[in-house]
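Each remark here refers to the structure printed beneath this line.
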Amino acid sequence: MNTNVIDAIANNDICIGCGICAGICPQGALIMKFNKYGEYVPYQEKECPEKCGFCLNVCPFYEKATNENVLGEELFSGIDNSKYLPDVGYYLESYVGYSYRFRESGASGGMTTWLLTTLLEKNVVDYVICVTPHNKSNKLFVFEIFDNASSVSSSSGSAYYPVEMSKVIKKILDEPGRYAVTGLPCFLKGLKLASKKNRILDERIAVTIGLVCGQMKSKHYTTYLSTLAHANGKLQNAYYRGKNPDNPANNYYFHCTNEEGAKGKIYWDEGVSEAWVNRWFTQNACNFCDDIFAELADITFMDAWLKEYSYDSRGNNLLIVRSKSLQNLIFDGIKSGQINVSEILINKLIESQKGVIDLKRDQLQYRLYLSDKYGLKIPIKRVKAANNIDFFKRKEVELKNKMQIMSKKYFVDNFDGEYLHLSEFRRQMKLYIYILYSWKLVQKYIAIPKQIRNKYS
Ligand SMILES: Cc1cc2nc3c(=O)[nH]c(=O)nc-3n(C[C@H](O)[C@H](O)[C@H](O)COP(=O)(O)OP(=O)(O)OC[C@H]3O[C@@H](n4cnc5c(N)ncnc54)[C@H](O)[C@@H]3O)c2cc1C
């Protein structure tokens, strides 16, 4: 039998569910569907011809995929004044700020929505592809193609929910025009690999807009949050980044409405953070990502997680620009008073993402080491496997790996297709939380005497 993404990627649990393989498959043999863990994976509908393997060649997690260093160099190294840093990739300049119009509805400062609408209004592109609410309980968000700014405006916000690109890829191939696409780092890598194989895709994707990403969640994450927020059952809608003027930007809230009209709301510090930072419902492929700043995007947006900005509930963006024409659009936006944006040192921007850097550098080394030890199939990364990271960090990685796996299992065990048995799920997960916090206490009591010793030595 022929090897395809199902054998080599999905069956080894390293599929992120981007759907690029299904969108571009020359035979139309693949279709994206949710598996029992609420993650998108490709299913095979028709026989694949011998020696095709097209789907593997566009997969961002295929072991032979060209890495971001090489792809980034091809894209950006020839641009005048382009600089390079290993954790950032190529870049022209870094900025901080927000859009006056879209800040309120945006996940952070609304700069992404501002740029997407500006690209359409200034006729830089004909279509924008972004993620938008779908408001159907089995599929709350989808990638959609828009040709007007008002539809793009109503798609503001971050979707911490699985979305896949197979349908929009097919539409790009069918419909001539210039497209701008938003995507997480791995999705943009898949698109770049696909563009190298398909000239039409390459010609039509005119602008790529990256979002920094710490992890992608399965759709069970949203069911878990809505149950925690007392809006059980099937959902009509969900929003992940509600802003409250009395809170700092990083204490945002999740809110949703179920099909009976019941509304739920829960803040980051009331339980959202427990599931997010402990990697409950995180997809396994995310364990093997080494792209921090969406190195292949023409522009990358992220949250301004710096103390001088995160106190402000209204939100701020940090951004890295890699394209001269997008940089000029930013200058025009500043001049016309649409955005409040200024330069920021690249080191400050890097500092803002120290958590994601730790995940995709130090922790990744140890995750690669563990996967190797247990004989798991893993993609080849730019980071090398190693087990010489800090002892407490190793314990943390081990426990979070365990929680990631067990959250998937316990959810399925405690879910009847509509309702999650929340107390039982939490009771089972609590064990790992207690162990993790016990290790953190030990670490604290070892670290304090060490600090005192250092101070007086
Ligand atoms: C899964 C995920 C993880 C993230 N992790 C981090 C992180 O660790 N650190 C950090 O600083 N920032 C992270 N971000 C980015 C952050 O949440 C904001 O998206 C970013 O700061 C842009 O904010 P904004 O106000 O400019 O966006 P908005 O103006 O609200 O616009 C956001 C745009 O992104 C599109 N979009 C939303 N969700 C997705 C998606 N899943 N895939 C593709 N496009 C999408 C929307 O359609 C919209 O057009 C993450 C985003 C996602 C989706």
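The values are calculated or read from the model by the stated rules, or taken from the named source; none is laboratory data. A quick note: this is a predicted structure, and the numbers were derived from the prediction, not measured. All Cβ positions, even for glycine, are placed from backbone atoms using ideal geometry, and neighbour counts span all protein chains on display.
Confirm whether Tyr309 is touching a residue at least 60 places away in the same chain (Cβ under 8 Å), at negative phi and among the aromatic types (Phe, Trp, Tyr).
In short, yes.
Of all residues in the range 335-355, how many are part of a loop (DSSP other than H, G, I, E, B) and polar (S, T, N, Q)?
Number of matching residues: 3.
Here are some residues: Tyr267, Tyr253, Tyr240. Which one is touching a Ser or Thr at 6+ places or on another chain (Cβ under 8 Å) and of a type in the set (Phe, Trp, Tyr)?
Going through Tyr267, Tyr253, Tyr240 in turn, the sole match is Tyr240.
Which ranges mark the helices (runs of 4 or more DSSP H) fully within the range 139-212 that have 2 or more residues being surrounded by fewer than 21 Cβ atoms within 10 Å (Cβ to Cβ) and of a type in the set (S, T, N, Q)?
Per the criteria, 149-153.
Given the criterion at pLDDT 95 or above, surrounded by fewer than 20 Cβ atoms within 10 Å (Cβ to Cβ) and polar (S, T, N, Q), identify the matching residue among Asn401, Asn388.
Asn401
What residue, among those in the range 116-138 that are crowded, with 18+ Cβ neighbours inside 10 Å and part of a helix (DSSP H, G or I), is nearest to the ligand (Cβ to nearest atom)?
Leu116
Name every residue in the range 218-248 that is among the basic types (Lys, Arg) and under 19 Å from Tyr419 (Cα atoms), in order of residue number.
Hits for the range 218-248 are Lys219, Lys234.
Under the condition of being more than 22 Å from Lys377 (Cα to Cα) and under 25 Å from the mean Cα position of the chain (by Cα), which residue from the range 38-76 is surrounded by the most Cβ atoms within 10 Å (Cβ to Cβ)?
Gly72
Out of Asp312, Asp358, Asp332, Asp290, which single residue is outside any loop (DSSP other than H, G, I, E, B), of a type outside the set (S, T, N, Q) and either within 16 Å of the ligand (Cβ to nearest atom) or in contact with an Asp or Glu (Cβ under 9 Å, 6 or more places away or on another chain) (or both)?
When all the criteria are applied, what remains is Asp358.
Just checking, which of Lys265, Lys217 is crowded, with 20+ Cβ neighbours inside 10 Å, under 27 Å from Tyr309 (Cα atoms) and in contact with a strand residue (DSSP E or B) (Cβ under 9 Å, 6 or more places away or on another chain)?
Result of the check over Lys265, Lys217: Lys217.
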